[in-house]
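Novice: One structure coming up, written as structure tokens, with questions to follow.
The values are calculated or read from the model by the stated rules, or taken from the named source; none is laboratory data. The structure presented is a predicted model; accordingly, all values stated were derived computationally and were not measured. Cβ coordinates were reconstructed from backbone atoms using ideal geometry, including for glycine residues, and neighbour counts include every protein chain displayed.
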Amino acid sequence: MNDHSAEPQTGNQIVSHLLDQLRRHPKRVVFTEGEDIRVIRAAARLVREQVVAPILLGDRERIRSLAAKHDVPMTFIHTIDPPKASDFTLFCQRVSNMARYRGSSLGDPADIVSRPHYFGALMAQYGQVDAIVGGNRALPAAFFRALLHTIKPMPEVPKIFGVSLLIAPHLKHVGGSGILLLADTGLIPNPTVEELAAIAIDTGKLAMHFLGRRPLVAMLSHSTHGSAATPDALRVAASASLAKDFAMRNFIDIGIEGEVQADVALDPSAAETKLPGSEARPSADVLVFPNLDAAHISLKLLEHVAGAQSYGRLIRGLARPAAQVPRTATEETIFGTAAAIAVEAIKFHQLYPEGEV
């Protein structure tokens, strides 16, 4: 029986599904830039929904003053000012140990640990929180740098990449459930064949976790099944073949299609026209882009022109769940991103109950 025959869920139902999972398995999430009313409001909502125990980094008095000014309750919202934290000295020692182990120096340990991004990443790495969210007031490079320097990589993912989670039930052909995952929208400028295949496999597994069914992954190009034999199209076709072979050999139940154009991936009628004689197919749940430019431009157009709701960028390939939100993020984006990465933390704890990779 085709898993796609089930009645699709709406975007709101997907969010409700995430929250229901978290009520059964609530998680601790640290926000690295807590002196932001959007973060404070999102944290209060997470508490109200009884899904996340939020920890806000920053000056305690500024955060509480900002919350009071906007009448936001701080009940069950924990705040930590990194230089004044009880673990500050311990984290400084651990940063020193990291430098000796790697044979390089990040700089003065006290200066490093006092930075909220690094402090939050250290909290995640050493199990004091289940997930980390940041980027709402900083350049993405600053947040990514802290994660890459502090959190261990996952051995099965060759390079760190980002997955953007979009919900747009009001748009036609947006995934089989009104939810769409885009990769890589943040980190690898021009992925190799092997990197594209790894992105497809890992994002497909992530989609399966969120959707609770077999997802369809489309590997995008300007070509569909050899309609243009350019080097870029051949690269995507090779990565799709590699990903399919890996999924089959490892019994990973995800559908992978490529290389295909975006209309073929999302519109079943376009697929029927351009691939005559092929089986009927649903809209793709995951879009894997050939390069960072294509992915990032598509993400911004879907957000700012088509009105899709973005739930941040989930950072894949790290040994701890992490997510980045843009500086333009709304309260809803921050709330949804925290919920999504906390749900990802549920899977992490199931796979690695001792916290080790």
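Novice: Within the range 283-296, how many residues are of a type in the set (A, V, I, L, M, F, W, C) and over 17 Å from the mean Cα position of the chain (by Cα)? First the steps, then the outcome.
Specialist: Of the residues in the range 283-296, the ones of a type in the set (A, V, I, L, M, F, W, C) are 284, 286-289, 292, 294-295.
When the remaining residues are screened for being over 17 Å from the mean Cα position of the chain (by Cα), the result is 284, 294.
Final tally of qualifying residues: 2.
Novice: Cβ contacts < 6 Å: first residue under 17 Å from Glu35 (Cα atoms), restricted to the range 49-63; second residue β-branched (Val, Ile, Thr) and assigned to a strand (DSSP E or B), any location; separation 6+ or different chain. Result?
Specialist: These pairs meet every condition: Pro54/Val29; Ile55/Val30; Leu56/Thr79; Leu57/Ile80; Arg60/Thr79; Ile63/Thr79.
Novice: Condition first: aromatic (Phe, Trp, Tyr) and outside any strand (DSSP E or B). Can you find one or more residues in the range 284-299 that meet it?
Specialist: Here is the first cut: in the range 284-299, the residues aromatic (Phe, Trp, Tyr) are 289.
Next, from what is left, pick out any that are outside any strand (DSSP E or B): 289.
Yes, some residue in the range 284-299 is aromatic (Phe, Trp, Tyr) and outside any strand (DSSP E or B).
Novice: Say whether the condition of being under 20 Å from Thr203 (Cβ atoms) and either in contact with a Lys or Arg (Cβ under 6 Å, 6 or more places away or on another chain) or of a type in the set (Asp, Glu) (or both) is met by at least one residue in the range 134-155.
Specialist: yes
Novice: So which residues in the range 197-228 are assigned to a loop (DSSP other than H, G, I, E, B) and surrounded by fewer than 24 Cβ atoms within 10 Å (Cβ to Cβ), if there are any at all?
Specialist: So the first thing to find is which residues in the range 197-228 are assigned to a loop (DSSP other than H, G, I, E, B), and the list is 212-215, 221-228.
Answer for the range 197-228, where residues must be assigned to a loop (DSSP other than H, G, I, E, B) and surrounded by fewer than 24 Cβ atoms within 10 Å (Cβ to Cβ): Gly212, Arg213, Arg214, His222, Ser223, Thr224, His225, Gly226, Ser227, Ala228.
Novice: Are any of the residues in the range 186-196 in contact with a Leu (Cβ under 6 Å, 6 or more places away or on another chain), buried (at least 24 other Cβ atoms within 10 Å of the Cβ) and modelled with pLDDT of 85 or more?
Specialist: Scanning the range 186-196 turns up no residue that is in contact with a Leu (Cβ under 6 Å, 6 or more places away or on another chain), buried (at least 24 other Cβ atoms within 10 Å of the Cβ) and modelled with pLDDT of 85 or more.
Novice: Here are some conditions: (1) within 16 Å of Lys205 (Cβ to Cβ); (2) assigned by TED's automatic domain parsing to the domain that holds Ala322; (3) among the charged types (D, E, K, R). Asp184 meets all but one. Which one does it not meet?
Specialist: (2)
Novice: Take the conditions surrounded by 14 or more Cβ atoms within 10 Å (Cβ to Cβ) and not in a helix (DSSP H, G or I) and apply them to Arg45. Does it pass?
Specialist: For Arg45, the condition - surrounded by 14 or more Cβ atoms within 10 Å (Cβ to Cβ) and not in a helix (DSSP H, G or I) - is not met.
Novice: Moving on. Every residue in the range 108-119 that is within 29 Å of the chain's Cα centre (by Cα) and under 23 Å from Arg137 (Cβ atoms), please. Spell out the reasoning first.
Specialist: So the first thing to find is which residues in the range 108-119 are within 29 Å of the chain's Cα centre (by Cα), and the list is 109, 111-119.
Asp111, Ile112, Val113, Ser114, Arg115, Pro116, His117, Tyr118, Phe119, listed by residue number.
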